[in-house]
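So the structure is just underneath, and the comments pick up after that.
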Amino acid sequence: MVERPAYLHCPMCGIEFERAGSVCERSCPISSACKTVRCPACDYEFPEDARSVTWVRRLFRRRNAVPRPPMDEQAVALDSLSAGEKAELLELSCMSGSRRNTLTVFGLTPGTVITLLQRSPSFVIRVGETELGLDREIAEGIYVKRV
Amino acid sequence: VGKSVVFKNLTGQRVIISNYPGTTVEVTRARTRLNGGEAELLDTPGVNDLAQRSEDARVTREILAEHPGAVLLQVADAKNLRRALLLTLQLAELRRPMVLVLNMMDELWRRGGRIQVKKLSRILGIPVVRTIAVHNSGTDRIRQAIARARPPQLEFRPQGDLTKAYERNQARLARAGEILAETYTLVPPKQPPFSMRLGFWAMHPFKGLLVLALLLAAVFWFVGLVGAGSLVNLLEVNLFQQRLSPLAIRGVDAVLPFPHVHDVERISSTISFPLTPAHGIPLYASTRDAIGTAYELDPAAPLTFWQEVLRFLHDFLVGEYGVITMAVSYALAIVLPIVTTFFLVFGVLEDSGYLPRLSIMVNRLFRMMGLSGKAVLPMVLGLGCDTMATMTTRILDTRRDRLVTTLLLALAVPCSAQLGVLLAMMARISAAAATVWVVLILAVMFAVGWLTARIFGGEASDFILEIPPMRRPMLGNVLTKTFSRLEWYLKEILPLFVLGTAILFLLDRLGLLRVIAAIGRPLVAGWLGLPPETINAFLIGFMRRDFGAVYLLDASTGPDPLLNPHQILVAMVTITLFMPCVANLFMIAKEQGKKTALAMTAFIFPFAFVVGGLVHHVGRLVGL
């Protein structure tokens, strides 16, 4: 079975969307044999080469799996902080564009000071006056510097 | 951030308002008088970012595109000005007249924050208004500001890679930070307010569990004992059986006369203030002789054809399957008190801001089901009404999450009406059997959730959840919300109950009920080990499972119950796993497509019988 990525990028408008969100016309006669996907935002149809995507993705993943050379020697992932610690955000890495954007619009930009309020049962952080609940998996991709 | 409250203040229209993001999933519109003219106001779902992939952002983008001439009213949380300015900068790129409303000023002040509104207004080039919408303060200022609305006079073009939304948002946030530095100051108070500390306790690993246990006990006491116990007793026995039903029967007898004599029963009841499921303080006891639905005909004088017609109508209204004696009394005397108490409690919980904290507590458990903790909101809402909850699954980001949550809601989350009835049935069985029921339903939820998530593939939504501050629920809002939900509920269940009763009545009259009972006998009597009469319950359970549950409750109470405790457990499990109601089916079809709705139906009903039968056979083997 070919591994398919859950998220696709539209080459036309750059939006990222879920595969399940790209359903085409139900009545289309070639639906099962069709190899193209349609962007839900701009309706641009593009071929989805499963193999090359997998290959690219694997490459991408391997590069991400190795921790990036920290731009700062004190850079640690958020999940290594203990509850109550304050830290300055360095960068959001190892995550899909949409996840990165969701965190960004909640105010998580490089240079922002965040407080880790608790680690269990879920991670809770404080950014300005916003409190956010996070999965450990997401916390692992947030790189910070203790202050 | 209070868009719906502002909307309510401006239009006077009732809308559902709660203390967590994502309450508004449907667009509400209303006409209102504004500055001498009339205007139409649209309430949109909340967004943090216009470019987001979520359903809410899509709906909001569509509204913006459909109404090119409209004035934009951005309602912002004053505490989180930086995030609000991000959206303001995005909206500014549209070059449309707008007003910025800074809401929740009281919370900002309490946290020691100050915003220089005039300066902010000058920088952005649009009117900026301060409000505390829940206290209806600042509404007039919004009205005046709408007249002064104009496109932002702000020159800002975000740099960065056009295909990467977050890079542009980072640029916008950087600009927002500059504006913030000029207009916003924060001197936090030394001691955090009590509500904030309470908020932390509610998500603390140990204290949080304690809070949860206390809440569950309180909800069980109020809904299960006061609502489903005392109030139902009061309404069903004291009001309906002792007074209203005899009155209705006499009234119908007077209008549709044919020679017959109703049996008289002695009905006694005690209303008590409940302390535990078995104990209570008796408040009021009464015994009355009242006539019931059963009657005897004079065997010496056969009825004429005309009298037979009258008898048919009589039975349709006040017979065993009568519209008044069954449908109306089930709906108003049993279901109504239960859902009222539930909606009251639920309204308080919603407004307090506890539910997002519950998500934090159970996120890991939900992960095991292949769902994200965000699915807690629809699931808990499902305990109120599964149909409403199915609509709320829109707050979930991925299709897989929406699908799995919808299925679990339809399969295993009992709605308030049914839950109350089930709690009442639970009082008839041992604590061990009740535990079996709870554990079994939870196990089914986990197993089915995990399997569907596996089969469907895709990814679970990211768990990134904003936690609103704990707030004191306002009685007025809780009551309004309860009333509008009750109105919706009654409008929906009364016709269905009447229809269900009418179908049962006709089946009974045509002798089909016996035929169906004979067909269903192997299933109900053989496989489930229940008395064949209970086929009626499952039959109407197809229409509304709480209606079926009420029927089963009827069969399991009284001096000589039809069902023994083991059978009650089997019946409870089976009816819990039924699909909630026809309305829920339609809602699933609307949200997820007809095919999905059909597939779910085809899975749920056989599955309910399979599990019920297993409980029967395994239970008998083990000797419960």
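Evaluating B:ARG114 against the criteria (1) surrounded by fewer than 18 Cβ atoms within 10 Å (Cβ to Cβ); (2) part of a helix (DSSP H, G or I) leaves one unmet condition, (2).
Of all the numbered requirements in (1) among the hydroxyl-bearing types (Ser, Thr, Tyr); (2) at pLDDT 85 or above; (3) over 19 Å from the mean Cα position of the chain (by Cα), A:SER120 misses one, and that requirement is (2). Residues in the range B:461-489 that are within 14 Å of another protein chain (Cβ to nearest Cβ) and not in a loop (DSSP other than H, G, I, E, B) were compared, and the one that is surrounded by the most Cβ atoms within 10 Å (Cβ to Cβ) is B:LEU465.
Looking at B:THR287, B:THR293, just one residue is closer than 25 Å to B:ALA424 by Cα, among the β-branched types (Val, Ile, Thr) and surrounded by fewer than 16 Cβ atoms within 10 Å (Cβ to Cβ), and that residue is B:THR287. When we screen B:VAL335, B:VAL348 for residues that are part of a helix (DSSP H, G or I), hydrophobic (A, V, I, L, M, F, W, C), crowded, with 23+ Cβ neighbours inside 10 Å and away from every other protein chain (no Cβ under 14 Å), the only hit is B:VAL335. Taken over the range B:73-103, the criterion of being closer than 14 Å to B:ILE142 by Cβ and in contact (Cβ under 8 Å) with a residue 60 or more places away in the chain is satisfied by B:LEU73, B:VAL75, B:ALA76, B:VAL101, B:ASN103. In the range B:235-249, of all residues being out of contact with any helix residue (DSSP H, G or I) (no Cβ under 9 Å at 6 or more places or on another chain) and surrounded by fewer than 16 Cβ atoms within 10 Å (Cβ to Cβ), the one that is farthest from B:ARG364 (Cα to Cα) corresponds to B:LEU247. Considered as a group, the residues in the range B:302-329 that are in contact with an Asp or Glu (Cβ under 9 Å, 6 or more places away or on another chain) and farther than 22 Å from B:PRO257 by Cβ include one that is surrounded by the fewest Cβ atoms within 10 Å (Cβ to Cβ), and that residue is B:SER329.
Considering only residues in the range B:446-455 that are surrounded by fewer than 20 Cβ atoms within 10 Å (Cβ to Cβ) and out of contact with any Gly (no Cβ under 9 Å at 6 or more places or on another chain), the one that is farthest from B:ILE338 (Cα to Cα) turns out to be B:ILE455. Taken over the range B:290-303, the criterion of being farther than 30 Å from B:LEU225 by Cα and either in a strand (DSSP E or B) or at pLDDT 85 or above (or both) is satisfied by B:ALA294, B:TYR295, B:GLU296, B:LEU297. Among the residues of the range B:29-88, those identified as part of a loop (DSSP other than H, G, I, E, B) and either closer than 29 Å to B:ARG110 by Cβ or within 14 Å of chain A (Cβ to nearest Cβ) (or both) are B:THR44, B:PRO45, B:GLY46, B:VAL47, B:ASN48, B:ASP49, B:LEU50, B:ALA51, B:GLN52, B:ARG53, B:SER54. Number of residues in the range B:409-445 that are basic (Lys, Arg) and surrounded by 21 or more Cβ atoms within 10 Å (Cβ to Cβ): the value is 0. Does the range B:243-260 contain any residue that is touching a Pro at 6+ places or on another chain (Cβ under 9 Å), in contact (Cβ under 8 Å) with a residue 24 or more places away in the chain and under 19 Å from B:ASP508 (Cβ atoms)? Looking for residues that are touching a Pro at 6+ places or on another chain (Cβ under 9 Å), in contact (Cβ under 8 Å) with a residue 24 or more places away in the chain and under 19 Å from B:ASP508 (Cβ atoms), one finds none in the range B:243-260, hence no. Considering the range B:493-529 alone, what residues qualify as being over 22 Å from B:VAL318 (Cα atoms) and out of contact with any His (no Cβ under 8 Å at 6 or more places or on another chain)? The answer is B:VAL515, B:ILE516, B:ALA517, B:ALA518, B:ILE519, B:GLY520, B:ARG521, B:PRO522, B:LEU523, B:VAL524, B:ALA525, B:GLY526.
Tell me, which residue of the range A:94-107 that is facing chain B (nearest Cβ under 9 Å) and touching a residue at least 24 places away in the same chain (Cβ under 8 Å) is nearest to B:LYS164 (Cα to Cα)? Applying the filter and picking the extreme gives A:GLY97. The set of residues in the range B:378-396 that are surrounded by fewer than 23 Cβ atoms within 10 Å (Cβ to Cβ), over 8 Å from the mean Cα position of the chain (by Cα) and assigned to a loop (DSSP other than H, G, I, E, B) is empty. From the list B:MET587, B:MET579, the lone residue that is in contact with a helix residue (DSSP H, G or I) (Cβ under 8 Å, 6 or more places away or on another chain), not small (Gly, Ala, Ser) and not in a loop (DSSP other than H, G, I, E, B) is B:MET587. For the range A:108-147, the tally of residues that are closer than 19 Å to B:ARG82 by Cβ, more than 9 Å from chain B (Cβ to nearest Cβ) and of a type outside the set (A, V, I, L, M, F, W, C) stands at 2.
Looking at B:LEU86, B:LEU81, B:LEU100, just one residue is of a type outside the set (Val, Ile, Thr), crowded, with 21+ Cβ neighbours inside 10 Å, under 25 Å from B:ARG168 (Cβ atoms) and at pLDDT 90 or above, and that residue is B:LEU100.
Do we have B:GLU107 as within 14 Å of chain A (Cβ to nearest Cβ) and surrounded by fewer than 16 Cβ atoms within 10 Å (Cβ to Cβ) here? Taking the combined requirement at face value, the residue does not satisfy it.
Scanning the range B:363-376 for residues that are within 19 Å of the chain's Cα centre (by Cα), within 12 Å of chain A (Cβ to nearest Cβ) and of a type in the set (A, V, I, L, M) yields a total of 1.
Just one residue in the set B:ALA453, B:ALA424 is within 14 Å of chain A (Cβ to nearest Cβ) and either over 18 Å from the mean Cα position of the chain (by Cα) or outside any helix (DSSP H, G or I) (or both); that residue is B:ALA453.
The values are calculated or read from the model by the stated rules, or taken from the named source; none is laboratory data. The shown structure was predicted, so the numbers you read here are calculated from the model rather than taken from an experiment. Neighbour counts run over all protein chains shown; Cβ positions are idealised from the backbone, glycine included.
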